[in-house]
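*Asks:* Below are the structure tokens for one structure; questions will follow.
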Amino acid sequence: MEKRIGIYPGTFDPITNGHLDIINRGQKLFDLLYIVVPNNIQKNTLFTVDERINLLKEVLKDYDNIIITKTDLLTVDFAKEVGAFAMLRGLRMVSDFEYELQLSAINKAMNEEIETVFIMSSHELSFLSSSSVKEIAKFGGDTSKFVPEVVAKALEEKLKN
Ligand code: ADP
């Protein structure tokens, strides 16, 4: 049977327990899940793309059905290149809906063969975002409740400098 391949695109600046929840639940839907980080986006990120990839690799090292990579391609083109039929996104609150709806519509317009699959975040993680975690870290707060331990350490290191 053909392999069911999916992608989970995101900035992951840095990966949080909210992303992990979506990955953990979402990977069960696919034989192979690519976690893909766009290379040259206009966002002002705290971590470089390679630092973000390394953190993802460290945190997800026990999954043998997950591949982590960066790309210069548009998300839908990346999906096509790796043979994915769907992309995974997480939905937290109503405020995510509008943005995600627009994104999925535009992706559909570019390639109608690729579906967007949404997973609702677990409610205890629905308040969590990479930006809030960075904000906490900037003020010297403890982020270890919200991110894996390696990420908490990386935040501390990064913001020391
Ligand atoms: P992007 O810049 O593409 O929004 P993010 O890394 O912020 O990238 O998020 C990638 C995906 O993960 C998005 O679908 C986002 O809604 C989802 N996500 C982020 N944080 C959470 C969370 N706490 N719970 C569930 N989904 C989340």
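*Asks:* What accessible surface, in Å², does a 1.4 Å probe find on Met93, ignoring ligands, DNA and RNA and rounding to the nearest 10?
*Replies:* Ignoring ligands and nucleic acids, Met93 comes out at about 100 Å².
*Asks:* Could you estimate the translational diffusion coefficient of the chain from the Stokes-Einstein equation, with Rh from the Kirkwood formula over C-alpha pairs, at 20 °C and 1.002 mPa s, in whole µm²/s?
*Replies:* 132 µm²/s
*Asks:* To the nearest 20 debye, what charge dipole does segment 5-115 have about its Cα centre, counting +1 at the Cβ of each Lys and Arg and -1 at the Cβ of each Asp and Glu?
*Replies:* For this selection, approximately 160 debye.
*Asks:* If you don't mind, another one. Filter the trypsin sites (Lys or Arg not before Pro) in segment 35-140 to those in DSSP coil with at most 15 other Cβ atoms within 10 Å of their Cβ, and list the result.
*Replies:* Counting only loop positions with at most 15 other Cβ atoms within 10 Å, the trypsin sites (Lys or Arg not before Pro) in segment 35-140 are Lys43, Lys61.
*Asks:* Can you sort Tyr8, Tyr99, Tyr63, Tyr34 by 1.4 Å-probe accessible area, starting with the largest?
*Replies:* Tyr99, Tyr63, Tyr34, Tyr8
*Asks:* Based on the Cβ-Cβ distance from Glu81 to Glu156, what FRET efficiency comes out when R0 is 30 Å, to the nearest 0.05?
*Replies:* E between Glu81 and Glu156, to the nearest 0.05, is 0.25.
*Asks:* Got a number for carbon plus sulfur as a percent of segment 59-161's accessible area, 1.4 Å probe?
*Replies:* 54 percent
*Asks:* Could you give me the ³J(HN,Hα) list for segment 42-47, computed from phi with Karplus coefficients 6.51, -1.76, 1.60 and θ = phi - 60°, whole Hz, x at Gly and Pro?
*Replies:* 7, 7, 8, 9, 6, 9
*Asks:* Further question: May I ask which of Lys3/Lys28; Lys57/Lys145; Lys70/Lys145; Lys61/Lys145; Lys28/Lys134 have a Cα-Cα span longer than 22 Å here?
*Replies:* Table pairs above 22 Å Cα-Cα are Lys70/Lys145; Lys28/Lys134.
*Asks:* Next question, about the same structure. Can you compute 3J(HN,Hα) from phi for each residue in segment 137-152, using the Karplus curve 6.51 cos²θ - 1.76 cosθ + 1.60 with θ = phi - 60°, rounded to whole Hz and x for Gly and Pro?
*Replies:* For segment 137-152, the Karplus-derived couplings read 5, 4, 9, x, x, 8, 9, 5, 6, 10, 9, x, 4, 4, 6, 4 Hz, x marking Gly and Pro.
*Asks:* Which net charge results for the neighbourhood of Asp31, defined as the other residues with beta-carbon distances under 14 angstrom from its beta-carbon, given Lys and Arg at +1 and Asp and Glu at -1?
*Replies:* Neighbour charge sum, excluding Asp31 itself: +1.
*Asks:* Okay, moving on. Residue by residue through segment 72-84, what is 3J(HN,Hα) from phi via Karplus (6.51 cos²θ - 1.76 cosθ + 1.60, θ = phi - 60°)? Round to whole Hz and write x for glycine and proline.
*Replies:* The phi angles translate into 9, 7, 4, 3, 5, 6, 4, 4, 5, 4, 8, x, 7 Hz.
*Asks:* Moving to a separate point now. Take the alpha-carbon centre of segment 20-65, take the same for segment 114-161, and report the distance between them in whole Å.
*Replies:* About 13 Å separates the Cα centre of segment 20-65 from the one of segment 114-161.
*Asks:* Okay, which of segment 1-24 sit inside 19 Å, backbone N to the point 7 Å along the Cα-Cβ direction of Asn111?
*Replies:* 2-11
*Asks:* In the full protein assembly as shown, how much of Phe127 is accessible to a 1.4 Å probe, in Å² to the nearest 10?
*Replies:* 110 Å²
The values are calculated or read from the model by the stated rules, or taken from the named source; none is laboratory data. All of these numbers come straight from a predicted model, not from anything done at the bench. No Cβ is skipped: glycine too gets one built from the backbone with ideal geometry, and neighbour counts run over all protein chains shown. Areas reflect the complete protein model, heavy atoms only, side chains present, ligands, DNA and RNA absent. Shrake-Rupley method; radii C 1.70, N 1.55, O 1.52, S 1.80 Å.
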